[in-house]
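The values are calculated or read from the model by the stated rules, or taken from the named source; none is laboratory data. Nothing here was measured: the structure is a model prediction, and the numbers come from that model. Cβ placement follows ideal geometry from the backbone for every residue including glycine, while neighbour counts extend to all protein chains displayed.
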Amino acid sequence: MPAEWKTPILFFAGLAAGVMNSIAGGGTLITFPALLWAGLPSISANATNTWAVMGGITTSIWSYRTELATQRRWIVRYAGPSLAGGALGSLLLLWTGETVFDEMIPYLLLFAALIFTFQGQLVKFFELEAHAIEKSRYGLALAMFFQFLVAIYGGYFGAGIGILMLAALGLMGLKNIHVMNSIKVLQGLLINGVACIIFVLLTDIYWVECGTIFAGTALGGILGPRMARRVGPKLVRAIVSILGFGIAFYFLVK
């Protein structure tokens with residue numbers, strides 16, 4: 001990537017990611033490849049990206065503060081699995097090393113693109129299953145275990161965790177998308193937050209690139225919830241789906 005292009009490309013990648021993460025998720029499909037194209041080693045790019053998207057997460061939490069005020073029960077229930085899974089996933093990334101992670105990048109991106117594209121069908125499936133699970137004495141334990149698995153994936157890579165968390169909330173019968181998004185962004189803060197602490201202690205963070213994306217995601221996190229309340233995200237989702245598959249196949253054949 002030419003040096004003069006780096007800052008604007010990373011900023012606008014962060015802006016797009018912040019909007020997408022606040023609406024449904026999938027922002028890492030944009031920011032992580034942007035950091036790789038900027039020349040960062042893969043694990044450092046992933047760690048830098050984890051720090052960078054915190055800007056959008058924190059501003060999204062502020063934007064959803066009204067909805068969050070009524071959801072303390074779900075916040076407390078999911079906090080433990082989110083923190084434990086996020087820590088385990090980030091340690092797993094560092095333990096497996098860069099060679100393994102480089103080989104997995106195309107498949108992680110493809111997995112995230114598939115989840116993002118078929119979010120509606122995924123959430124609908126869990127809504128259908130919710131009627132049976134809500135009546136089960138083990139329903140809450142199952143939902144919390146699912147959140148733990150999502151958090152492990154989030155600590156390891158993170159693309160698409162917002163969509164998976166929406167599915168987990170749908171599993172428990174929640175219907176209001178704004179309420180679900182408010183819980184999702186707060187759990188994302190916990191998952192990414194614990195991963196950030198581990199990454200800053202155990203690997204390299206590229207702070208200039210991180211700050212550029214952070215600024216973009218922070219602005220996107222403010223604009224995203226407003227867009228979510230006023231306009232349908234179908235066109236944006238279609239563009240990101242196409243982009244996500246394109247990026248995944250690029251790394252697959254690279």
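Name the residues in region 23-79 that are within 23 Å of Gly224 (Cα to Cα) and hydroxyl-bearing (Ser, Thr, Tyr), would you?
Thr28, Thr31, Thr48, Thr50, Thr58, Thr59, Ser60, Ser63, Tyr64, Thr66, Thr70
Yes or no: Leu108 of a type in the set (A, V, I, L, M, F, W, C) and not in a helix (DSSP H, G or I)?
Taking the combined requirement at face value, the residue does not satisfy it.
When you check Thr59 against the structure, is it in contact with a helix residue (DSSP H, G or I) (Cβ under 9 Å, 6 or more places away or on another chain) and either more than 16 Å from Val185 (Cβ to Cβ) or among the polar types (S, T, N, Q) (or both), yes or no?
So Thr59 passes the test.
Scan region 190-217 for residues that are acidic (Asp, Glu) and assigned to a helix (DSSP H, G or I) and jot them down.
If the condition is that a residue be acidic (Asp, Glu) and assigned to a helix (DSSP H, G or I), then Glu209 is the only one that fits.
Do the conditions hold for Gly39, that is, is it surrounded by fewer than 24 Cβ atoms within 10 Å (Cβ to Cβ), at positive phi and either assigned to a loop (DSSP other than H, G, I, E, B) or hydroxyl-bearing (Ser, Thr, Tyr) (or both)? It would help to see each step written out before you state the result.
On the way: surrounded by fewer than 24 Cβ atoms within 10 Å (Cβ to Cβ): yes; at positive phi: yes; either assigned to a loop (DSSP other than H, G, I, E, B) or hydroxyl-bearing (Ser, Thr, Tyr) (or both): yes.
For Gly39, the condition - surrounded by fewer than 24 Cβ atoms within 10 Å (Cβ to Cβ), at positive phi and either assigned to a loop (DSSP other than H, G, I, E, B) or hydroxyl-bearing (Ser, Thr, Tyr) (or both) - is met.
Residue under question is Ala84, and the condition is that it be of a type outside the set (Phe, Trp, Tyr), more than 16 Å from the chain's Cα centre (by Cα) and within 21 Å of Tyr156 (Cβ to Cβ); does it hold?
Criteria met by Ala84.
For Thr31, which of the numbered conditions (1) modelled with pLDDT of 85 or more; (2) more than 25 Å from Ala238 (Cα to Cα) fails to hold?
(2)
What number of residues within region 67-86 satisfy the criterion of being assigned to a helix (DSSP H, G or I), surrounded by fewer than 20 Cβ atoms within 10 Å (Cβ to Cβ) and out of contact with any Ser or Thr (no Cβ under 8 Å at 6 or more places or on another chain)?
9
With the condition kept exactly as written, say whether any residue in region 7-14 is modelled with pLDDT under 85 and touching a Leu at 6+ places or on another chain (Cβ under 9 Å).
There is no residue in region 7-14 that is modelled with pLDDT under 85 and touching a Leu at 6+ places or on another chain (Cβ under 9 Å).
Quick one: would you say Thr50 is surrounded by 21 or more Cβ atoms within 10 Å (Cβ to Cβ), polar (S, T, N, Q) and touching a residue at least 60 places away in the same chain (Cβ under 8 Å)?
Judged against the criteria, Thr50 is a match.
Scan region 56-74 for residues that are within 20 Å of Gly211 (Cα to Cα) and modelled with pLDDT of 85 or more and jot them down.
Initial filter on region 56-74 (within 20 Å of Gly211 (Cα to Cα)): 56-62.
The one that is within 20 Å of Gly211 (Cα to Cα) and modelled with pLDDT of 85 or more: Ile61.
Out of Lys175, Lys124, I need the residue that is more than 13 Å from the chain's Cα centre (by Cα), modelled with pLDDT under 85, part of a loop (DSSP other than H, G, I, E, B) and not aliphatic (A, V, I, L, M). Which one?
The conditions single out Lys175.
How many residues does region 225-253 contain that are over 14 Å from Phe116 (Cα atoms) and at pLDDT 75 or above?
5
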